[in-house]
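Peer 1: Structure provided below as structure tokens; questions to follow.
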Amino acid sequence: MFENQQRDDVEQFIHADADTRRLFYRHQELDTKLHDANIGCLPMDDQSLAGLKKEKLQAKEKLQRMWDSWQQSRH
């Protein structure tokens, strides 16, 4: 998710508070589940898959807002 950011900045952001850390790791967990479902390792019906995709997108959007706010507070 933060591929274009400095690793130190991302780690500092993730470990800034428990909510950020929890959401970041939940996003990673969803990404792994979706990857496994797409390659056939994790059987999943279409409705469940759509729900995971929606939750992952919501987590990503919230993390992005949190990142933007965190970046603004640093400058």
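The values are calculated or read from the model by the stated rules, or taken from the named source; none is laboratory data. From a predicted model like this one, the values you see are computed outputs, not experimental measurements. Here Cβ is always computed from backbone atoms with ideal geometry, including for glycine, and neighbour counts include all displayed protein chains. Side chains included, ligands, DNA and RNA excluded: accessible areas come from the protein's heavy atoms. Shrake-Rupley method; radii C 1.70, N 1.55, O 1.52, S 1.80 Å.
Peer 1: How large is the Kirkwood hydrodynamic radius of the chain, counting all unique pairs of alpha carbons, in Å?
Peer 2: Over the chain, the inverse of the mean reciprocal pair distance is 13.4 Å.
Peer 1: How far, in degrees from 0 to 90, does helix 46-74 lean away from the longest principal axis of the Cα atoms of the chain, to the nearest 10?
Peer 2: Relative to the chain, helix 46-74 is tipped by roughly 0 degrees.
Peer 1: Within the accessible area of the chain, what % is carbon and sulfur when the probe is 1.4 Å and the other protein chains stay in place?
Peer 2: 45 percent
Peer 1: Between LYS62 and MET44, how many nm apart are label points set 7 Å from Cα along the C-beta direction?
Peer 2: Output for this residue pair reads 1.7 nm.
Peer 1: Okay, next question. With the dipole of region 1-67 worked out from charges on the C-beta (+1 for Lys and Arg, -1 for Asp and Glu) around the Cα centre, which of PRO43, ALA16, LEU57 lies farthest toward the positive end?
Peer 2: LEU57
Peer 1: Still on this structure, please answer the following. Suppose R0 equals 22 Å; then what is the FRET efficiency for LYS54 and ASP19 from their Cβ-Cβ distance, rounded to the nearest 0.05?
Peer 2: Calculated value: 0.65.
Peer 1: While we're on this one: Relative contact order for the chain: what is it in percent, counting Cα pairs under 8 Å that are at least 6 residues apart?
Peer 2: Relative CO of the chain lands at 33 percent.
Peer 1: Enumerate the calculated ³J(HN,Hα) couplings along region 26-40 in order (Karplus 6.51 cos²θ - 1.76 cosθ + 1.60, θ = phi - 60°), each rounded to whole Hz, writing x wherever the residue is Gly or Pro.
Peer 2: Values per residue, Gly and Pro as x: 5, 4, 5, 4, 5, 4, 5, 4, 5, 4, 4, 5, 5, 8, x Hz.
Peer 1: Ok, one more. Using the crude model of +1 on Lys and Arg Cβ and -1 on Asp and Glu Cβ, and no other charge, please compute the dipole size for the chain relative to its Cα centre, in debye to 20.
Peer 2: The calculation lands at about 160 debye.
Peer 1: Within a Cβ distance under 14 Å of ARG22, other residues only, what is the Lys/Arg minus Asp/Glu net charge?
Peer 2: Net charge around ARG22: -1.
Peer 1: In a shell of Cβ-Cβ distance under 13 Å around GLN71, excluding GLN71 itself, what net charge do Lys and Arg (+1) and Asp and Glu (-1) give?
Peer 2: Surrounding charge for GLN71 is 0.
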